[in-house]
Amino acid sequence: MRNTQRSQKIAFFFLFLATLLIVVPVGLIVVIIIQKGLPAINWQFLSDIPRQGMRSGGIFPAIIGTFYLVFGAIVFALPIGLLAAIYLSEYAKDNMLNRIIKLAIVNLSGVPSVVYGLFGLALFVVFFKFGASILSGSLTLGIMILPIIITTSREALESVPQSFREVSLSLGASKWQTIRQIVLPNAIPGILTGTILGLGRAAGETAPILFTVAAFYLPRLPKSIFDQAMALPYHLYVISTQVPNVDEKVRYGTALVLLVLVLFMNLVAIIIRYNFRKKKKW
Amino acid sequence: MHNKIKMQAKDVDFFYGKNQALKNVNLDVYANRVTAMIGPSGCGKSTFIRLFNRMNELVPHTALCGKIFLDDLEINNPSVDPVDIRRRVGMVFQKPNPFPKSIFENISYGLKVNGIKDKAFIGQKVEDSLKRAVIWGEVKDRLHDSALKLSGGQQQRLCIARCLAVETEVILFDEPCASLDPISTAKIEELILELKKDYTIIIVTHNMQQAARVSDYTGFFLLGELVEFGKTQDMFTAPRNKKTEDYITGRFG
Ligand SMILES: Nc1ncnc2c1ncn2[C@@H]1O[C@H](COP(=O)(O)OP(=O)(O)O)[C@@H](O)[C@H]1O
Ligand SMILES: [Mg+2]
């Protein structure tokens, strides 16, 4: 009896230690970024173009560029991802081939982002001749987040109880009516969560935009989808490693803006999911 | 037996993969009568009634041999659209399963998917169906509240109303009272007796007294076979088969 209690205590201690080991460094990073970056944040920093070789001024073009890219990625990835998810969840037969496809899609979300970058370079920039442009960058980011969107949407669709589908069909609804009016509305929160997680990922990655869109320095806003653009993660990389003598404050300020953007999107995803869990009663 | 036959199963075998769930079942369902299916669980009652609205098609890797008729229509013929069958044969499930929508939307759903758009007509139909299912008084002041707020018994009557709104000819009940209290059960039994004026009813039940109270005909299933079928009265007073007798007198099951 005593022995089990002691080993339980020891196990708890190590589990707690492991948790601490994860939480403390992440917390430290956040604290340091906030501490060093906050002094840089003011209206000019958020709304002005970079000046003096990016050593002062603001990061507005990078913020806008990131928004364009993320928006473009979603416009491309959400419809395709959702349709694929509907097919996989509602129409594809449960056989070996489809199980392999599902597994492959899950694993695609683990492919390093630089691979997507090279893929985007080869396909969109070079082969389709879109050049380094918002279009190429959005499509590349879109392809990168497709697996996340497909997998989370498929799981959201599959978690809608089979009994809802049966009732709907038993009332004389067609399969498509059932999907559109019963399955999809009940899966929307899950689909949104996946979409926002995808957004966060698209906003934060550097490698996929490195070769496909990112401008080193472009002190104006992009004019069309065939224009290059600045983007926050790449801008951060540039001012941290490529430009000498950038004030630490500016670097951490940029990091803070990016961090807040990504954390904010994740927070929205969490809130949506939480509200959904609370409401769902089946 | 001079009644009109509404539905009919002829030489029906049914398989889940390699597992045979129904063995050579032949059964006639009479119009405007209540036909009960009894038998221990796992003997194929649900599987059997789900053939009448082609619900078993949703389960992958299944196979059906034999024929199912609705009037003169062979409904399991591949050329027949299951949607057309389900507009004539409705179903109430074991677990009350309202959609997570309002009470009103639950009832109007079946009308909308059947292409009805006239708002006044839908409103009237919702009211009629709820009245018919004897739940109107309890919900008329909160038609736009979530159906999930209702009690289990109310939810089940709502599900019956939802089925009635589609105006089918046959209604299949799969253990509709299995999760309900005795008072709700009594209400639903009363309702079923009332409904048989206009509908042909098939009900699966675990409860022998319930079969005796509501049904005109009873079929006794055992391990996928229809052991005995006949008038409920005859079956409960003078069963022809020893196994039926053992079951209804509670000696096994
Ligand atoms: N979806 C299914 N997949 C595979 N086997 C099933 C399925 N549904 C029922 N069965 C099997 O078919 C047999 C009859 O089940 P069922 O019709 O549900 O019986 P009952 O309604 O009389 O309890 C059981 O052996 C059960 O295991
Ligand atoms: Mg059953």
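Every read-out reported here was derived from the displayed coordinates using simple, explicitly stated rules and does not represent laboratory data. Since the model is a prediction, treat every value here as computed from it, not as a measurement. Backbone-built Cβ (ideal geometry, glycine too); neighbour counts: all protein chains shown.
Neighbour counts of other Cβ atoms within 10 Å put A:Arg165, B:Arg50, A:Arg2 in the fewest-to-most order A:Arg2, A:Arg165, B:Arg50. Placing dummy labels 7 Å off each Cα toward the beta-carbon, the span from B:Glu194 to A:Ser240 is 7.1 nm. For segment B:18-35, backbone phi angles converted through the Karplus equation (6.51, -1.76, 1.60; θ = phi - 60°) give residue-by-residue couplings of 8, 7, 7, 9, 9, 10, 6, 8, 10, 7, 10, 10, 8, 5, 6, 10, 9, 10 Hz, Gly and Pro being listed as x.
The local environment of B:Leu73, defined by Cβ-Cβ distances under 10 Å, has a net charge of -3 under the rule Lys, Arg +1 and Asp, Glu -1.
Database remark: amide H of B:Phe221 closer than 5 angstrom to the amide H of B:Ile38, B:Gly39, B:Val227 (H placed geometrically; neighbours at sequence offset of 5 or more, or on other chains; Pro and chain starts carry no H).
Taking segment B:62-82 and a reference point 7 angstrom along Cα→Cβ of B:Glu169, the backbone N atoms nearer than 12 Å belong to B:69-75. The DSSP beta bridges internal to the protein assembly as shown are antiparallel in roughly 60% of cases. Estimated from helices alone, the mean residue ellipticity of the protein assembly as shown at 222 nm is -16500 deg cm²/dmol (sum of -39500 (n - 2.57) over DSSP H runs with n ≥ 4, per residue).
If a spin label sat at a point 7 angstrom from the Cα of A:Tyr217 along the line to its beta carbon, the backbone N atoms of segment A:25-49 nearer than 16 Å would be those of A:49.
Arranged by the count of other C-beta atoms within 10 angstrom, fewest first, what order do A:His235, B:His61 take? Ordered by Cβ neighbours within 10 Å, fewest first: B:His61, A:His235. Highest GNM mean-square fluctuation among A:Val167, A:Val111, A:Val238, for chain A modelled with Cα contacts below 10 Å: A:Val167.
Based on the Kirkwood radius over alpha-carbon pairs, what value in µm²/s does the Stokes-Einstein equation return for the translational diffusion coefficient of chain B at 25 °C and 0.890 mPa s? For the chosen part, D equals 131 µm²/s.
On the principal axes of its alpha-carbon atoms, segment A:73-207 has extents of 53, 29, 24 Å, going from largest to smallest. Summarising the strand pairing of chain B, around 60 percent of its internal DSSP beta bridges are antiparallel. For the protein assembly as shown, the calculated P(r) over all alpha carbon pairs, in 20 Å bins from 0 to the bin holding the longest distance, is 18, 37, 27, 16, 3, 0 percent.
Just so you know, the averaged projected area of the alpha carbon convex hull for segment A:54-123 sits at 6.9 nm². Using only the alpha-carbon atoms, how far is helix A:60-86 inclined from the longest principal axis of chain A? Give it as 0 to 90 degrees, nearest 10. It works out to around 20 degrees. Placing +1 on the Cβ of every Lys and Arg and -1 on the Cβ of every Asp and Glu, with no other charges, gives segment A:62-279 a dipole of roughly 360 debye about its Cα centre.
Considering all alpha-carbon pairs of segment B:1-99, what whole percent are spaced by more than 19 angstrom?
Roughly 44 percent, rounded to a whole number.
Under 17 Å from a label point set 7 Å out along the Cα-to-Cβ vector of A:Lys129, the amide N atoms of segment A:207-234 belong to A:226-227. Volume per residue for segment B:85-147 equals 101 cubic angstrom (convex hull of Cα atoms). Helix B:119-132 sits at what angle to the longest principal axis of chain B, using alpha carbons and giving 0 to 90 degrees rounded to 10? Relative to chain B, helix B:119-132 is tipped by roughly 50 degrees.
Other residues within the sphere of radius under 13 Å centred on the Cβ of A:Leu83, judged by their own Cβ, net out at +1 (K and R +1, D and E -1).
Applying the Karplus relation 6.51 cos²θ - 1.76 cosθ + 1.60 with θ = phi - 60° to segment A:149-160 yields 3J(HN,Hα) values of 5, 4, 5, 5, 5, 4, 5, 5, 5, 5, 7, 6 Hz, where x marks Gly and Pro.
In order along segment A:237-247, phi translates into HN-Hα couplings of 4, 5, 6, 8, 10, 9, 10, x, 6, 7, 4 Hz, rounded to whole numbers, per the Karplus curve 6.51 cos²θ - 1.76 cosθ + 1.60 with θ = phi - 60° and x for Gly and Pro. From least to most packed, judged by other beta carbons within 10 angstrom and beginning with the fewest, A:Thr66, B:Thr185 follow the order B:Thr185, A:Thr66.
Size of chain A from its Cα atoms: along the principal axes, largest to smallest, the extents are 68, 66, 34 Å.
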